[in-house]
Every structure is written in C-alpha cells, then in structure tokens.
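Only one structure is covered here, and it is reproduced in the block below.
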Amino acid sequence: MAARPRVIVIGAGIIGASIAWHLAQLGATVTVIEAGEPGGVATRDSWAWINASMSQSEAYFRLRAKAMTEWRRLERQLPALRVDWSGSLNWELRPDRLQALASRLSGWGYDISCVDAQESHRVEPNLQRPPETALHARGEGSVEPVAATLALLAAARGLGVDIIAGETVSSIEGQGGRVSGVRTSSGRRDADRVIVAAGGATAAIAATAGLDLPIADPAALLVVTQPHQRLLRGLVMTPELQLRQASDGRFVAAADLRGMDSGIAAAGVLGALEELFHPGASITLDSHRAGRRPIPGDGLPLVGWVERVTGLYVAVTHSGVTLAPGIGRMVAEEVMSDRRDPLLASFGLERLSTTTTRKS
C-alpha cells in the first residue's frame, strides 16, 4: 500500500462519515461519495438509540458495548457532537422475556436491571400507567443522527477529506483481482482502496464487483411531533413504539408499519403516544415517513475485506448509530494496517457472502 493511500468511501451516512474521519486521522487521502445529501438515507430515518441491550449473542454484545465506550471518546474529540446519556426504560417484551434478558445482560457486565411499577414511576414520573415490569438501562442514550453525521463530516473535511454529494457510484472498477477505483455518474475516480458503506445500496454496488450480499431493507415508521413541554427524562420502549424527546421538545417515535399505510400507522402511533402520559397530553404531529433499514441476512453486521477482490471492503449494519464510532475506528485501523480488531472476528463477510466471476 502507498504511504498515503487513496481511499474512496461510498456513503455519507453515519458509518461512512465515521470511517472517513478515522481514516483521515491515520493519514489516508480520503474521498467520500454520496448519491444524495450528506447524512445518507438510513441515518436520516434512524431513531438513534445507542445501546447494547439488543444483542443476539455475547460477541455482538461486546461489539456494541465497545461502541458505546467509543461514543464517549468521540464526544471528547469532537465537542460539536452531543450524546444524551439519559438511560432507557423498556417494556416492549413479555415480563418473563424481560427478566431473562436482564439476567443475561447483567451477567455480561451490563448496567441493566428489572424494575417494578414504583421504580418505573421514579424513572419516568409522567407515565400514566407505569409498567409492572420493565428493563432500566441507566447508561444508554441517543443522538440526533444527522447532526452527529454532519459533525463527523465537518471534522473529516477539516482533515482534508473530499466530500462529494449528488454523485452515484455505478460500479467498482478493478483489474487482475485488485480494486482500482469506482465509476460514477461524473466519470471514473481512482483509488487504492474502496470501502462500501452505502446502507441499503451496498448490495447493488458490491454486486458490480461480483459479490452477492444478502441485505434486506425493510421499512419502519418514524414519527416526529411538534415541540412539547418536557414529559420524558430518557428513552422508553413499549409494545407499540419506541420514543424519545429531543432537546427542542419534539417527540421522535419509531414503530413497525406492519403492512399499514404510513399515514394510518402514524395516527396510531400518535394516539399511543398521548395515552402514555398523565394527564392525557395533547401532542401535534409534525411529520412521518417510512424509512428503510439495511439489515444483513442474519441481522448482524457485515464488516470486512472482500475475498478475491483485493482492496475492496464492506461495512453495513442495521445498528449504524450505535456502532458508528467503533466501526469507524476499527475499519480505519484494518484498512491502514491490516490489523483486524478481535471484536470484528464474528462479523466478516465470509459467513453470508458469495463471490462470482465478474463479467468483463
């Protein structure tokens, strides 16, 4: 590799932004290419919960827990970036499943416990009917996802990163099994390394290099209200929705569409939101949209080099906001030094991908 390698990062969502900034810190010459606006697509539609409680395995838990620590490092390094470490109260599962989850996570060293209605009321005193059983995770938080991404991109630009918006990557270019750049709507761009961090578009872009990645992009509903007086202290998760209140007083809620029209689903979310509080709160809808979530076939991150195409790297995960600072640092270090962080050992491409011979 060249002493100052040229790296193209495809995607200016929170994962791509974090990778670009960390790469620039390590001395790479970096170009970020984004088909739309900086901030990406999935990042804009994220509820932006930072947590390690939604972990299917201990390996995934360790990766997420490390990423939470990396968020605190990122806050120290980028003063423009702010995380709301307000904790969460979660009763979206049955009580027996909540208790089992608390036992497993606390056994792994996570700060989480099952609480009763009295303690739930203490945590969130404005709830009309505090849950009889809930998980309280004191160290979890949230972030405004686009603001955090733009802060990362601004810091990257300050280190010399070139950020190109409104340019679509049509193919990965290479010769003799080695990547040489990308072809875009504006022409060819050369590079020593190419990192695909394009969320839901990752599979289509990777396919141009002969890589078959099983990545779904199911829709989820994001509802935003007009500003309201402060009713929530932290994040809450109910069987109907996931809810936080932004610093400007707006409620931000996420929910499954369940095949419904987004407008009908948003009305249902607004009703469920109002019923949470005592006395019944009058909350006004501002906007709603059906966002897309990139989810690898087994639900776990796909992060690593592409076999048979030297210099091509993929980083795609559903938990983009939680994982961004950790993934960004780990990917940058691997791309620059070929040293893979042990926490990524379970999340390489080989478990799901297949590579075909690309037609010339």
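Which number in (1) open to solvent by 60 Å² or more (accessible area, probe 1.4 Å); (2) in a strand (DSSP E or B); (3) of a type outside the set (Val, Ile, Thr) marks the one condition that residue 255 misses? So residue 255 meets the others, but not (1).
Looking across 140, 144, one residue alone is at pLDDT 95 or above, under 19 Å from residue 48 (Cβ atoms), touching a Ser or Thr at 6+ places or on another chain (Cβ under 6 Å) and not hydrophobic (A, V, I, L, M, F, W, C). It is 140.
Within the stretch 60-81, can you find the residues that are open to solvent by 10 Å² or more (accessible area, probe 1.4 Å), among the aliphatic types (A, V, I, L, M) and assigned to a helix (DSSP H, G or I)? Matches in the stretch 60-81: 65, 68. Of all residues being β-branched (Val, Ile, Thr) and not in a loop (DSSP other than H, G, I, E, B) in the stretch 268-326, which is nearest to residue 256 (Cα to Cα)? Just the residue, please. Filtering first and then ranking leaves 269. Residue pairs whose Cβ atoms lie under 6 Å apart, sitting 6 or more positions apart in sequence or on different chains, and linking a residue in the stretch 245-264 that is in contact (Cβ under 8 Å) with a residue 24 or more places away in the chain to a partner that is part of a loop (DSSP other than H, G, I, E, B), are 250/227; 252/246; 253/241; 254/47; 255/241.
Report every pair of residues separated by at least 6 positions or lying on different chains whose Cβ atoms are under 7 Å apart, first residue within the stretch 103-124 and aromatic (Phe, Trp, Tyr), second open to solvent by 70 Å² or more (accessible area, probe 1.4 Å). Correct list of pairs: 108/58. If you scan the stretch 43-59, which residues turn out to be of a type in the set (Gly, Ala, Ser) and in a helix (DSSP H, G or I)? Passing the criteria: only 59.
Got a sec? Which of 36, 27, 40, 16 is in contact (Cβ under 8 Å) with a residue 12 or more places away in the chain, buried (at least 24 other Cβ atoms within 10 Å of the Cβ), outside any helix (DSSP H, G or I) and not aliphatic (A, V, I, L, M)? So that I can check it myself, show each step before the final result.
Numbers: 36 fails: buried (at least 24 other Cβ atoms within 10 Å of the Cβ); 27 fails: buried (at least 24 other Cβ atoms within 10 Å of the Cβ); 16 fails: outside any helix (DSSP H, G or I).
When all the criteria are applied, what remains is 40.
Any residue at all in the stretch 86-96 that is hydroxyl-bearing (Ser, Thr, Tyr), under 20 Å from the mean Cα position of the chain (by Cα), open to solvent by 10 Å² or more (accessible area, probe 1.4 Å) and within 18 Å of residue 325 (Cα to Cα)?
Going through the stretch 86-96, the residues hydroxyl-bearing (Ser, Thr, Tyr) turn out to be 86, 88.
So of that shortlist, the ones also under 20 Å from the mean Cα position of the chain (by Cα) come out as 86, 88.
Cutting the leftovers down to open to solvent by 10 Å² or more (accessible area, probe 1.4 Å) gives us 86.
From the residues that got through so far, the ones that are within 18 Å of residue 325 (Cα to Cα) too are none.
No: the stretch 86-96 contains no residue that is hydroxyl-bearing (Ser, Thr, Tyr), under 20 Å from the mean Cα position of the chain (by Cα), open to solvent by 10 Å² or more (accessible area, probe 1.4 Å) and within 18 Å of residue 325 (Cα to Cα).
When residues in the stretch 185-203 are screened for being among the hydrophobic types (A, V, I, L, M, F, W, C), open to solvent by 10 Å² or more (accessible area, probe 1.4 Å) and more than 18 Å from residue 166 (Cβ to Cβ), 1 of them pass. Scanning the stretch 204-248 for residues that are part of a helix (DSSP H, G or I) and open to solvent by less than 10 Å² (accessible area, probe 1.4 Å) gives a single hit, 206.
Among (1) under 16 Å from the mean Cα position of the chain (by Cα); (2) surrounded by 15 or more Cβ atoms within 10 Å (Cβ to Cβ), there is one condition residue 269 misses while meeting the rest; what is its number? Evaluating residue 269 over (1) under 16 Å from the mean Cα position of the chain (by Cα); (2) surrounded by 15 or more Cβ atoms within 10 Å (Cβ to Cβ) leaves (1) as the failure.
The values are calculated or read from the model by the stated rules, or taken from the named source; none is laboratory data. On a predicted model such as this, the values are computed, not experimentally measured, just so you know. In this analysis, Cβ positions are derived from the backbone assuming ideal geometry, glycine residues included, and neighbour counts consider all displayed protein chains. Just the protein is used for accessible areas: all its heavy atoms, side chains included, with ligands, DNA and RNA removed. Shrake-Rupley method; radii C 1.70, N 1.55, O 1.52, S 1.80 Å.
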